[in-house]
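Participant: If you scroll down you'll find the structure; I have some questions about it.
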Amino acid sequence: MDPSTTLVVAAALGGLGLLTSLRILFEYERGVIFRLGKLTRAKGPGLIFLVPFGVERMRKMDLRIVALDIAPQDTITKDNVSVRVNAVVYFRVADPTKAVVEIEDYYFATSQLAQTTLRSVIGQSELDELLAERERINEVVRGIIDEGTDQWGIEVTGVEIKDIDLPQEMKRAMAKQAEAERERRAKVISAEGEYQASTKLAAAAEIIQQFPGAMQLRFLQTVVEIAAENNSTTLFPLPIELFRSFVEPGKPASDEARANALKAAAESMISALPDTGDKATLESAARRMIGQARQKGREREPTAAPDSDD
């Protein structure tokens, strides 16, 4: 063979071997190098040179965090409630050489370990703990999975329970419990309000009892509130003091006192009449009451007995 031809063939083979021995790895990638089937070390990132012609081979590994979705798991809690739980696991390859040598498929193995761990932890927890202490359960599951995958060179950074599906019967029972709790709170708040209102009313009654004039002020305020509405009928409440002389034993009231009391009540009504369209009618009725009171007073006055001859 011509020496020049041999040189060209050798140069071509050398160039081809050089091209096949060069690898470029990104920042988040590492290359696990095997030389004749024996593990040497992990290289990268950047430009990697391998011994050509199959002497060295490389297994590329991704170091970014992987979000692994765990399929819904049907399990029974510690208090015998059937639930369906699904979660998501976040993990990354911390040691590329262990992830290649120690485990065949680290992704599948991590998924299976996460499923079994989740079912085990849920089975050891009660339903109330599962609903109220989700953060603690997430941390427990993460710790168990991380301990199991540490020998594979996998680091578990987090576990989150996404959804807890309860049976319809349990949902109705929980809804009834929540409704009963709301009703209990409403009744307690209403009772406390009644107690506070009764305390204030008792204090107000004591003050009004000490100052009789306060009842008249309250009466006038009631009349003003009634007149504020567009009513065709106006009610005038009469103070109880007007009838006290009629009901108190041992204090018979004279006809003149009764007439004067009615007259005073009628005059107070006239002074308290609201400025409405029916004021003239109401005032006329009040004055008729005054006239009738005076007439009854005159009729019941005792007449002087005639002098009789001895």
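Participant: If we scan the stretch 190-200, do we find a residue that is modelled with pLDDT under 75, small (Gly, Ala, Ser) and outside the structural domain of Ala87 (by TED's automatic domain parsing)?
Facilitator: No, the conditions are met nowhere in the stretch 190-200.
Participant: Just checking, does the stretch 125-146 include any residue being polar (S, T, N, Q), in contact (Cβ under 8 Å) with a residue 12 or more places away in the chain and touching a Phe, Trp or Tyr at 6+ places or on another chain (Cβ under 9 Å)?
Facilitator: For the stretch 125-146, residues polar (S, T, N, Q), in contact (Cβ under 8 Å) with a residue 12 or more places away in the chain and touching a Phe, Trp or Tyr at 6+ places or on another chain (Cβ under 9 Å): absent.
Participant: Can you say whether Gly153 is surrounded by 11 or more Cβ atoms within 10 Å (Cβ to Cβ), of a type outside the set (Asp, Glu), modelled with pLDDT of 90 or more and on the phi > 0 side of the Ramachandran plot, as far as the supplied structure shows? It would help to see each step written out before you state the result.
Facilitator: Details: surrounded by 11 or more Cβ atoms within 10 Å (Cβ to Cβ): yes; of a type outside the set (Asp, Glu): yes; modelled with pLDDT of 90 or more: yes; on the phi > 0 side of the Ramachandran plot: yes.
Here the answer is yes, as Gly153 does meet what is asked.
Participant: Moving on. Under 47 Å from the mean Cα position of the chain (by Cα), assigned to a loop (DSSP other than H, G, I, E, B), modelled with pLDDT under 65 and loosely packed, with under 11 Cβ neighbours inside 10 Å - does that describe any residue in the stretch 232-242?
Facilitator: First, the residues of the stretch 232-242 that are under 47 Å from the mean Cα position of the chain (by Cα): none.
Among the residues of the stretch 232-242, not one is under 47 Å from the mean Cα position of the chain (by Cα), assigned to a loop (DSSP other than H, G, I, E, B), modelled with pLDDT under 65 and loosely packed, with under 11 Cβ neighbours inside 10 Å, which makes the answer no.
Participant: Look through Ala71, Ala42 and report the one residue that is farther than 29 Å from Ile122 by Cα and either at pLDDT 90 or above or in the same structural domain as Arg119 (by TED's automatic domain parsing) (or both).
Facilitator: Ala42
Participant: Can you tell me which residues in the stretch 3-42 are surrounded by 13 or more Cβ atoms within 10 Å (Cβ to Cβ) and more than 60 Å from the chain's Cα centre (by Cα)?
Facilitator: Of everything in the stretch 3-42, those that are surrounded by 13 or more Cβ atoms within 10 Å (Cβ to Cβ) and more than 60 Å from the chain's Cα centre (by Cα) turn out to be Gly17, Ser21, Arg35.
The values are calculated or read from the model by the stated rules, or taken from the named source; none is laboratory data. All values derive from a computational prediction rather than experimental measurement. Cβ atoms come from the backbone with ideal geometry, glycine included; neighbour counts cover every protein chain shown.
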